[in-house]
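In what follows, a structure is listed as structure tokens, so that the remarks can point back to it.
The values are calculated or read from the model by the stated rules, or taken from the named source; none is laboratory data. Just so we're clear, the structure is a prediction, and the values are computed from it rather than from any experiment. Every residue, glycine as well, gets a Cβ built from its backbone with ideal geometry; the counts of neighbours run over all protein chains shown. For the accessible areas, the whole protein counts, side chains as well, though only heavy atoms, and no ligand, DNA or RNA atoms are used. Shrake-Rupley method; radii C 1.70, N 1.55, O 1.52, S 1.80 Å.
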Amino acid sequence: MEAAMGLMRRIPPKHTDAALSALLSLLPHHSSDLLSQVDQPLQVLCDVDCGKEFILCEYNRDADSYRSPWSNKYHPPLKDGALPSMVLRKLEVEANDIFAIYRDQYYEGGFSSVYMWEDDNEGFVACFLIKKDGSKTGQGRRGYLQEGAWDAIHVIEVGPEEEGVAHYCLTSTVMLSLTTDNELSGTFSLSGSIRRQMDMNLSVAEGHLCNMGRMIEEMESKLRNSLDQVYFGKTKEMVCTLRPPSEVVMRLPDC
């Protein structure tokens with residue numbers, strides 16, 4: 001299992017599905033652990049009851065069905081599927097509306113979904129998901145990428161409130177992949193994933209959504225900076241070292 005997880009951490013996100021299927025066939029007795037621990041590129045399904053798309057993941061799956069945050073129904077239909085309590089469902093609906101605004105402001109489109117459920121410690125867990133297709137045929141407005149995808153998964157464990165303070169544990173994962181194919185840059189492919197964690201004790205005077213929103217905003221800013229410095233910065237440094245740009249020698253005219 002340790003070797004399998006090490007392998008999955010080194011697999012490009014766009015090849016995760018194929019690699020995970022191969023591991024499941026080789027290690028069927030570890031299938032539940034693999035499915036729960038390996039982050040896969042997010043998929044989107046349309047909720048036919050309300051005409052809105054929602055994101056599929058392990059956190060809204062029950063058997064082979066997925067719960068929509070818009071209608072609170074499973075697709076395909078599932079009897080006795082797990083549902084959040086009425087109080088948590090109300091918070092989930094509000095979170096989806098607010099997170100859709102956040103998605104449009106920061107990502108200029110894409111898909112987002114928020115799921116919540118109770119845990120065993122008298123608290124609850126919230127999962128915030130964003131998927132953006134930046135390719136020419138997707139939602140990329142600038143048209144530079146032949147293929148491009150940004151998948152963000154934010155899971156926040158919220159502990160029980162004690163004297164007006166709650167403990168928040170945020171685990172964030174971002175999977176990025178992009179491919180260019182044009183005359184100027186040629187064919188270039190870059191993909192990878194990054195995961196970070198944050199723990200905070202915060203007052204619940206302004207509500208859980210305000211606290212979770214600030215944590216996600218701060219974490220995404222850190223992740224974007226890390227991706228820019230690690231993936232793009234180091235790749236540029238390596239390419240320029242191996243293939244330095246041609247020097248242009250300018251000759252001044254004789255006086």
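Pairs meeting the criteria (first residue in region 165-191 and in contact (Cβ under 8 Å) with a residue 40 or more places away in the chain, second residue of a type in the set (Phe, Trp, Tyr), beta carbons under 6 Å, at least 6 apart or on different chains) are Leu176/Trp150. Filtered by the rule that a residue be among the charged types (D, E, K, R) and either surrounded by fewer than 13 Cβ atoms within 10 Å (Cβ to Cβ) or farther than 16 Å from Pro76 by Cβ (or both), region 38-52 gives Asp39, Asp49, Lys52. Tallying residues that are open to solvent by 50 Å² or more (accessible area, probe 1.4 Å), in a helix (DSSP H, G or I) and of a type in the set (A, V, I, L, M) within region 1-17 yields 2.
Give the residues of region 67-104 that are assigned to a helix (DSSP H, G or I) and small (Gly, Ala, Ser), sorted by residue number.
Within region 67-104, the subset assigned to a helix (DSSP H, G or I) is 86-104.
Correct list: Ala95, Ala100.
Criterion applied to Lys79, Lys90 was being at pLDDT 95 or above and exposed (fewer than 15 other Cβ atoms within 10 Å of the Cβ), and the one residue passing it is Lys90.
Scanning region 183-214 for residues that are β-branched (Val, Ile, Thr) and surrounded by 11 or more Cβ atoms within 10 Å (Cβ to Cβ) returns Ile194, Val204.
Ala149 - would you say it is at pLDDT below 90 and either of a type in the set (Val, Ile, Thr) or closer than 25 Å to Asp181 by Cβ (or both)? Write out each step before concluding.
Working: at pLDDT below 90: yes; either of a type in the set (Val, Ile, Thr) or closer than 25 Å to Asp181 by Cβ (or both): yes.
Here the answer is yes, as Ala149 does meet what is asked.
The set of residues in region 202-244 being closer than 27 Å to Val93 by Cα, within 24 Å of the chain's Cα centre (by Cα) and β-branched (Val, Ile, Thr) consists of Ile216 alone. Each residue in region 53-68 was checked for being farther than 28 Å from Ser189 by Cβ, of a type outside the set (Phe, Trp, Tyr) and open to solvent by 20 Å² or more (accessible area, probe 1.4 Å), and 4 of them qualify.
Would you point out which residue out of Leu20, Leu35 is loosely packed, with under 15 Cβ neighbours inside 10 Å and not in a loop (DSSP other than H, G, I, E, B)? Can you show your working first?
Values: Leu20 fails: loosely packed, with under 15 Cβ neighbours inside 10 Å.
Among Leu20, Leu35, only Leu35 is loosely packed, with under 15 Cβ neighbours inside 10 Å and not in a loop (DSSP other than H, G, I, E, B).
Going by what's in this entry, would Leu129 be described as assigned to a loop (DSSP other than H, G, I, E, B) and aliphatic (A, V, I, L, M)? So Leu129 does not fit the description; no. Just one of (1) of a type outside the set (Lys, Arg); (2) at pLDDT 90 or above; (3) more than 29 Å from Arg10 (Cβ to Cβ) trips up Pro245, so point out which. Just one mismatch for Pro245, condition (2).
State whether the residues of region 194-203 include one that is modelled with pLDDT under 90 and in a strand (DSSP E or B). It would help to see each step written out before you state the result.
The first filter runs over region 194-203 and keeps only residues modelled with pLDDT under 90, leaving 194-195.
Subsequent filtering for residues that are in a strand (DSSP E or B) retains 194-195.
Yes, region 194-203 contains a residue that is modelled with pLDDT under 90 and in a strand (DSSP E or B).
For the residues Ser135, Ser112, the requirement of being surrounded by 15 or more Cβ atoms within 10 Å (Cβ to Cβ), of a type in the set (S, T, N, Q) and part of a loop (DSSP other than H, G, I, E, B) singles out Ser135.
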